[in-house]
Ligand code: FES
Ligand code: FES
């Protein structure tokens with residue numbers, strides 16, 4: 001079967017089998033920023049935005065993504081200029097081994113699109129689905145708060161979302 005997706009702004013028609021997971025299809029298409037972790041919806045390493053909402057791509061069939069817009073970390077800085085979130089993660093030492101970083105940044109991007117001035121608790125909630133074994137979470141939270149300020153000063157938001165704050169159906173909340 002075939003599926004039509006828009007990945008990082010590029011329309012794609014992909015051949016898939018009905019059982020293909022979105023995670024596998026994206027990595028097959030060389031979006032290696034989509035990390036394979038637990039594959040059970042626990043770690044958030046495979047997070048992508050589907051129509052602006054964080055989704056664990058290991059829990060979503062590619063066929064379910066028909067017609068959606070998908071953002072992976074590769075689409076966050078397509079021209080090579082780092083997004084303020086990426087800069088803030090670097091500046092705050094929030095990137096250590098980096099395995100969780102793409103998912104964290106995408107979750108944070110979705111948050112800031114809807115909550116340009118989030119509280120510490122709101123940032124922690126937004127990152128709750130993204131495991132990090134290295135940083136202890138303090139630095140990523142500080143980075144997201146700093147990026148929020150940078151977005152506000154620039155008068156921009158991270159990414160448009162189509163509706164509501166709730167996470168996609170494939171997002172398992174801990
Ligand atoms: S690989 Fe861990 S949530 Fe998808
Ligand atoms: S930086 Fe290593 S898991 Fe988060």
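Here, each number is a calculation from the coordinates, and none is a lab measurement. Here the structure is a predicted model, which is why all the values come from computation and not from measurement. Cβ sites come from the backbone with ideal geometry, for glycine too, and all protein chains shown count toward neighbours.
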Order by neighbour count: 134, 58, 30, fewest other Cβ atoms within 10 Å first, most last. 30, 134, 58
So the FRET efficiency between residue 81 and residue 36, C-beta based with R0 = 22 Å and rounded to 0.05, is 0.20
Is the shape of the stretch 1-88 best called rounded, prolate or oblate, per the rule: a/c under 1.5 gives rounded, else a/b larger than b/c gives prolate, else oblate, with a ≥ b ≥ c the square roots of the Cα gyration tensor eigenvalues? oblate
Among 18, 140, 54, whose mean-square fluctuation peaks in a Gaussian network model of the chain (Cα, cutoff 10 Å)? 18
Candidates 49, 85, 21; GNM for the chain (alpha-carbon contacts under 10 Å) flags as most fluctuating 21
Cβ-based exposure ranking for 40, 72, 101, in which fewest neighbours within 10 Å come first: 40, 72, 101
Any idea how far the Cα center of the stretch 28-70 sits from the one of the stretch 101-157, in Å? 19 Å
Sort the stretch 1-152 into rounded, prolate or oblate with this rule: let a ≥ b ≥ c be the square roots of the eigenvalues of the Cα gyration tensor; rounded if a/c is under 1.5, and if a/c is not under 1.5, prolate when a/b is larger than b/c, oblate otherwise. prolate
Residue separation times 0.36 nm, minus the C-alpha to C-alpha distance between residue 134 and residue 117: what's the value? 3.5 nm
Chain lengthening between residue 152 and residue 13 when straightened (0.36 nm per residue, less Cα-Cα): 46.4 nm
